[in-house]
1. Suppose the filter is surrounded by fewer than 17 Cβ atoms within 10 Å (Cβ to Cβ), on the phi > 0 side of the Ramachandran plot and of a type outside the set (Asp, Glu); does Gly63 pass it?
2. Would you check if Ala31 is farther than 19 Å from Leu132 by Cβ, of a type in the set (Gly, Ala, Ser), surrounded by 21 or more Cβ atoms within 10 Å (Cβ to Cβ) and out of contact with any helix residue (DSSP H, G or I) (no Cβ under 6 Å at 6 or more places or on another chain)?
3. Evaluate the following for Glu162: is it modelled with pLDDT of 95 or more, under 16 Å from the mean Cα position of the chain (by Cα) and of a type outside the set (Lys, Arg)?
4. Does Gln157 satisfy the criteria of being modelled with pLDDT of 95 or more and either touching a helix residue (DSSP H, G or I) at 6+ places or on another chain (Cβ under 7 Å) or in a loop (DSSP other than H, G, I, E, B) (or both)?
5. I'm told Asp148 meets every condition in (1) exposed (fewer than 13 other Cβ atoms within 10 Å of the Cβ); (2) farther than 19 Å from Trp39 by Cβ; (3) modelled with pLDDT under 95 except one. Can you identify the failing condition by its number?
6. Yes or no: region 121-128 includes at least one residue that is within 16 Å of Val45 (Cα to Cα), in a loop (DSSP other than H, G, I, E, B) and without any contact (Cβ under 8 Å) to a residue 60 or more places away in the chain.
Amino acid sequence: MRVVGGSVRGFRLETVPGEGTRPIQDRVKTALFDILRPWIIDRTVLDLFAGSGSVGIEALSQGAARCVFNDAGMRAVATIRKNLAATGFTGRAEVRHGDAFGYLRRTPESFDLIYVAPPQYKNLWIEALMILDERPQLLRAPDDVDADDEPALAVAQIDPREYQPLDLQRLRETRQKRYGNTLLVFYERSEIGAIDTKSDKTAQNNANGFA
């Protein structure tokens with residue numbers, strides 16, 4: 001597994017020991033960043049269920065300003081930190097060890113890209129998208145000053161057999177790209193102003209002790 005483009009192109013990344021993660025194939029990552037380039041430059045990224053950190057590190061290599069990596073596995077977190085140190089991106093990254101859904105429910109941050117690649121066949125991608133639908137402010141709103149500013153994205157990486165249309169109120173599916181047994185599903189915010197700030201404050205109040 002390697003970095004396919006950008007400042008550390010060709011760098012080989014360490015993978016997480018064991019079989020608990022599913023690394024993105026280089027050809028799928030190449031296709032993904034062919035879509036994202038040059039939009040990814042100066043963006044903020046959340047690599048959820050980050051595994052080895054391959055997607056987030058690719059984003060940093062190709063010009064993203066910052067990436068938050070989140071994974072519940074200690075071996076994954078250790079691997080991400082090693083890969084960041086080896087590529088020189090530690091200063092532009094935050095690595096979090098914890099539950100992905102808890103992070104989505106409580107973080108006050110907004111991102112330009114949220115990449116969702118959980119373990120297969122457990123409907124975890126659906127749960128993540130449902131939380132994003134409840135808290136669309138996790139995806140940065142377009143800049144009112146720049147009419148050409150492209151919207152923030154959530155991208156789910158799943159097996160095609162996992163896919164089902166989701167009943168979303170504040171997100172909309174915009175495209176799908178299939179590469180063999182990997183399906184990438186893209187989502188954007190559909191109602192920029194329709195955010196329930198009261199429910200979000202309640203979630204924040206319930207987040208005592210979150211770090």
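1. On the way: surrounded by fewer than 17 Cβ atoms within 10 Å (Cβ to Cβ): no; on the phi > 0 side of the Ramachandran plot: yes; of a type outside the set (Asp, Glu): yes.
Spelling it out, it is not the case that Gly63 is surrounded by fewer than 17 Cβ atoms within 10 Å (Cβ to Cβ), on the phi > 0 side of the Ramachandran plot and of a type outside the set (Asp, Glu).
2. Numbers: farther than 19 Å from Leu132 by Cβ: yes; of a type in the set (Gly, Ala, Ser): yes; surrounded by 21 or more Cβ atoms within 10 Å (Cβ to Cβ): no; out of contact with any helix residue (DSSP H, G or I) (no Cβ under 6 Å at 6 or more places or on another chain): yes.
Answer is no for this residue.
3. Working: modelled with pLDDT of 95 or more: yes; under 16 Å from the mean Cα position of the chain (by Cα): no; of a type outside the set (Lys, Arg): yes.
No; evaluated as a whole, the condition is false for this residue.
4. On the way: modelled with pLDDT of 95 or more: yes; either touching a helix residue (DSSP H, G or I) at 6+ places or on another chain (Cβ under 7 Å) or in a loop (DSSP other than H, G, I, E, B) (or both): no.
It is false that Gln157 is modelled with pLDDT of 95 or more and either touching a helix residue (DSSP H, G or I) at 6+ places or on another chain (Cβ under 7 Å) or in a loop (DSSP other than H, G, I, E, B) (or both).
5. With (1) exposed (fewer than 13 other Cβ atoms within 10 Å of the Cβ); (2) farther than 19 Å from Trp39 by Cβ; (3) modelled with pLDDT under 95 applied to Asp148, the lone miss is (2).
6. Of all residues in region 121-128, those within 16 Å of Val45 (Cα to Cα) come to 128.
From what is left, the residues that are in a loop (DSSP other than H, G, I, E, B) are none.
No, region 121-128 contains no residue that is within 16 Å of Val45 (Cα to Cα), in a loop (DSSP other than H, G, I, E, B) and without any contact (Cβ under 8 Å) to a residue 60 or more places away in the chain.
The values are calculated or read from the model by the stated rules, or taken from the named source; none is laboratory data. Quick caveat, the model's predicted, so the values are computed rather than measured. Cβ: placed from backbone, ideal geometry, glycine included. Neighbour counts: every protein chain shown.
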